[in-house]
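Structure first, commentary second.
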Amino acid sequence: MSASPYAEALSGRLDSLHPRLLQYFSTIPDGFVGSGRGTFDVVGTPRRWLWPVLAMLAGGGILFPVWQTDVPFEIENRQTDDGLRARRVFHLVGGDRVMVDRMRAVGGRLVDALGTRGALRAGFDANVDDGALVLRSNAVGLGVGRARVLLPAVIRPRVTLVERIDGSTERQHVALTIDLPVIGRIYEYSGSFDYEVRAKGEQ
């Protein structure tokens, strides 16, 4: 079983995370699965002119053409030999949607392959800020056949992810934002959840 990609990317800084986050970002032992359940305060974007583009990504399990609040969700993390695989189920009005990704550590940075085929990839710098994990994208690429095409900085989306412990509720809080140069915020989700690592097959 490979090590947690977050542990590799953060190296000796992993222990600087809030103790409650260590379970989430440490290696998941063989025979176990990370399982979480919570509610997103918001999901998607109010910019409806972007929804046709997002609809093309929705089928691959990447992003969804919605703007909804109070969305129940579940997450399942599984450690594999090729990285950490995550599956998030969004219980949206109109039906459930599934977002999948595979996170790996490559050359000291995190690389996330999003979607069922990993068609969208983003490289991240990982840092710890006051016990929270902060990821900021440094590269975004698209899959074209077997090739990968890096997007130039002038059109490259900036992805930021912050995972922290909410001091008022003691729950884990996640916030993801995607911004484009000039245009600004084009997608986001944020909310809180409870999480545990349990043996496979346990409820």
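Could you work out the relative contact order of the chain? I mean the mean sequence separation of Cα pairs under 8 Å and 6+ apart, divided by the number of residues, in percent.
Reported relative contact order: 22 percent.
Quick check for you: with a 1.4 Å probe and neighbouring chains kept, what is the accessible area per residue of the chain, in Å²?
Heavy-atom SASA per residue in the chain reads 51 Å².
Return the calculated 222 nm mean residue ellipticity for the chain, to the nearest 500 deg cm²/dmol, obtained by summing -39500 (n - 2.57) across DSSP H runs with n ≥ 4 and dividing by the residue count.
Per the formula, -2500 deg cm²/dmol.
State, in angstrom, two size descriptors of the chain derived from its alpha carbons: Rg to one decimal place and Dmax to the nearest whole number.
Calculated on Cα positions, Rg and Dmax stand at 16.4, 48 Å.
Going by average Cβ density within 10 Å per residue, which order do the peptides 84-95, 108-119 take, highest to lowest?
Ranking the peptides 84-95, 108-119 by packing returns 108-119, 84-95.
Near HIS91, within a Cβ-to-Cβ distance under 9 Å, what is the net charge of the other residues, with Lys and Arg +1 and Asp and Glu -1?
Local charge sum for HIS91: -1.
Could you work out what % of the accessible surface of segment 73-149 is carbon and sulfur, using a 1.4 angstrom probe and leaving DNA, RNA and ligands out of the count? Present the calculation step by step, with values, prior to reporting the outcome.
Values: 1800 of 3900 Å².
That fraction is 46 percent.
The values are calculated or read from the model by the stated rules, or taken from the named source; none is laboratory data. Note that the structure is a prediction, hence the values are computed from the model and not measured. No Cβ is skipped: glycine too gets one built from the backbone with ideal geometry, and neighbour counts run over all protein chains shown. To get the accessible areas, we keep the full protein, side chains included, count just its heavy atoms, and leave off ligands, DNA and RNA. Shrake-Rupley method; radii C 1.70, N 1.55, O 1.52, S 1.80 Å.
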